[in-house]
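Notes for the one structure printed next.
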Amino acid sequence: MIIGVTGGSGAGKSALASLLGHETIDADRVYHKIFEENGDLKNELINRFGTCGRKELADIVFAGKEKLDELNSITFKYVLSAIEEMIVLAGGDMVIDAPLLFESGLDEKCDFTVAVLAESELRIKRIMARDHLSREKAEMRINAQKPDEFYIKRADHVVCNNGEDLTDVARKLKDRIRESGRRGSQD
């Protein structure tokens, strides 16, 4: 079974994904590895944005939705190809931790999808602490992402992560997924 976990930055999707008990594919790590190693991707980024530096790209794309969409249109094909190979090689139960699960179409590879949501202020604090960003930059990241309603409408399961212990949440979620055997219920 393949479970896709998604949500906005700072919501806690990676924390939940790590507790679901399967091999995990972290789409952000896949992207960063490709970013470092793939000359074709770097050339496309330089041609479009004038840089392939991660910090400079972040400053450009999180300043406006159009730029973020352009970055995603370039990177999706590389990331999806790598993740599809990883799925084939793993051949079993796994969790795909992907902030852009629905936008990339990666949800089509999943048996179940889970959206992790959290209050905006908590997300800002988590992003600031995790990425050592100013409040302004953390807010820019959140504002460049989809609203909670986007995830709620698309996900099979929704988990709110406002600071509670995710261990019990993950256990209950695994039980619900096993019991339901089908897509379409929300927590």
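Bear in mind these aren't lab numbers, they're just calculated from the coordinates by the rules spelled out. Note that the structure is predicted; figures quoted are calculated from it, not measured. All Cβ positions, glycine included, derive from the backbone under ideal geometry; neighbour counts span all protein chains shown.
For the chain, what is the mean residue ellipticity at 222 nm derived from helices alone (per DSSP H run of n ≥ 4: -39500 (n - 2.57); sum divided by total residues; nearest 500 deg cm²/dmol)?
Working: 10 runs with 110 residues, N = 187.
Per the formula, -18000 deg cm²/dmol.
Compute the helix-to-body angle for 39-49: its Cα long axis versus the longest principal axis of the chain, expressed 0 to 90° and rounded to tens.
So the inclination is approximately 70 degrees.
If one takes the longest principal axis of the Cα atoms in the chain, at what angle in degrees, from 0 to 90 and to the nearest 10, does the Cα axis of helix 65-90 lie?
50
Counting only C-alpha contacts under 8 Å and six or more residues apart, can you give the relative contact order of the stretch 1-154 as a whole percent?
Numbers: 187 pairs, mean separation 72.6, N = 154.
47 percent.
By average Cβ neighbour count within 10 Å, what is the ranking of 107-116, 41-50 from highest down?
Details: 107-116: 21.1, 41-50: 15.2.
Top of the packing list down: 107-116, 41-50.
Quick one: grab the alpha carbon gyration tensor of the stretch 2-177, order the square roots of its eigenvalues as a ≥ b ≥ c, and give me rounded if a/c is under 1.5, else prolate or oblate depending on whether a/b is larger than b/c. Kindly include the intermediate steps, with their values, before the conclusion.
Details: a/c = 1.97, a/b = 1.23, b/c = 1.60.
The shape class here is oblate.
Magnitude of the Cβ-charge dipole of the stretch 2-177, K/R +1 and D/E -1, about the Cα centre, nearest 20 debye? If you can, show how the numbers build up before the last one.
Working: 25 positive and 32 negative charges, 78 e Å.
Taking the Cα centre of the stretch 2-177 as origin, the dipole is about 380 debye.
As I understand it, the value is the acute angle between the Cα axis of helix 166-180 and the longest principal axis of the Cα atoms of the chain; what does it come to in degrees, rounded to 10?
70
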